[in-house]
Amino acid sequence: MSIKKTLTIAGSDTSGGAGIQADLKTFQEHGTYGMNILTVVATMDPDNGWSHNVFSLPVEEIKRQAKTALSTNVDAIKTGMLSTEEIIETAGTIIEESGVSHVVIDPVMVCKGEDEVLNPGTVDAMIKYLLPRAQVVTPNLFEAGQLSGLGILKTIEDMKAAAEKIHALGAKNVVIKGGKQLAHEKAVDLFYDGQTHTLLETEKTETTYNHGAGCTFAAAVTANLANGFTVSDAVFEAKEFVSAAIAHGWKLNQYVGPVLHGAKGKYGAPEVTTTIV
Ligand code: PXL
């Protein structure tokens, strides 16, 4: 059996927990061969409360990377931080030209701890260029509220309504990560395949060391699809994988605690239950 090739179009998180670092570590843990097209370099200033700076690469350089990566016949593509409308459009074109059908869109809009949307206009660009090409889209609560136009989502019913709107925008499968933010006793995600709403639940982990969880989840879905899983099996395993990674999150410094990407392989995963709602 040949090794599957997984490609992420995303930013570098210099602190190593999120971005391409999370993606490549997660691809490796799933036995796939990881590659990347770098879009931005994110740095954090220790002299200024770890505030983020996002440096975008020129689109020409992004296209040059795409030519390299796509010459290898990749099996699945994931997107992460895309900082401008032009970069989002470029990512959409790269996906289209790749002919790859396993496409996971993680619609990153903010970094944890930062509350500004990356750039006005990026939400509309994601709707136009990325959602119609998504086999799976993995917004968090905030991102799902933005993409659906429903604003702040508070309940499972809100999440269901948002998932249906995002599906209608062209994404074939939608996973809304409620995580521990939702007022619910478990850490809950909602999976919608256009027909059925399924809740995936785990026990909440009381930790703030969860930096990179979103990227890790989407990367796990991507690798699972490359490895031939069905979408629902890919999402279920990704929930196990990220729940283990969060449960073993750790303190990198006074500002940030990343998830432990390799936790499931080392320590096993918490139980995930599914319920049709
Ligand atoms: O977690 C979102 C995220 C994605 N990609 C990059 C990041 C971050 C947050 O820090 O730096 C590159």
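The values are calculated or read from the model by the stated rules, or taken from the named source; none is laboratory data. Worth saying up front: this structure is predicted, and the values here are computed from it rather than measured. Cβ sites come from the backbone with ideal geometry, for glycine too, and all protein chains shown count toward neighbours. We work out accessible area using only protein heavy atoms, side chains counted, and drop any ligands, DNA or RNA first. Shrake-Rupley method; radii C 1.70, N 1.55, O 1.52, S 1.80 Å.
The residues on offer are G149, G179, G214, G170, and the sole one that is within 16 Å of the ligand (Cβ to nearest atom), at pLDDT 95 or above and out of contact with any His (no Cβ under 9 Å at 6 or more places or on another chain) is G214. Applying the condition of being hydroxyl-bearing (S, T, Y) and open to solvent by 30 Å² or more (accessible area, probe 1.4 Å) to the stretch 199-211 and asking which residue is modelled with the highest pLDDT yields Y209. Filtering the stretch 52-92 down to residues that are assigned to a loop (DSSP other than H, G, I, E, B) and free of Cβ contacts under 8 Å to residues at least 12 places away in the same chain, which residue is farthest from S15 (Cα to Cα)? Checked the stretch 52-92; the qualifying residue farthest from S15 (Cα to Cα) is S71. Just to check your reading of the model, which residue among K180, K251, K264 is among the charged types (D, E, K, R), surrounded by 15 or more Cβ atoms within 10 Å (Cβ to Cβ) and touching a Phe, Trp or Tyr at 6+ places or on another chain (Cβ under 8 Å)? Answer to the selection: K264. Filtering the stretch 2-29 to residues that are in a loop (DSSP other than H, G, I, E, B), open to solvent by 30 Å² or more (accessible area, probe 1.4 Å) and over 15 Å from A69 (Cα atoms) leaves S2, I3, T14. Scanning the stretch 196-239 for residues that are hydroxyl-bearing (S, T, Y) and assigned to a loop (DSSP other than H, G, I, E, B) turns up T196, T205, T207, T208, Y209, T230. One residue stands out among those in the stretch 1-39 that are in contact (Cβ under 8 Å) with a residue 24 or more places away in the chain and out of contact with any strand residue (DSSP E or B) (no Cβ under 9 Å at 6 or more places or on another chain): the one that is nearest to the ligand (Cβ to nearest atom), which is E29.
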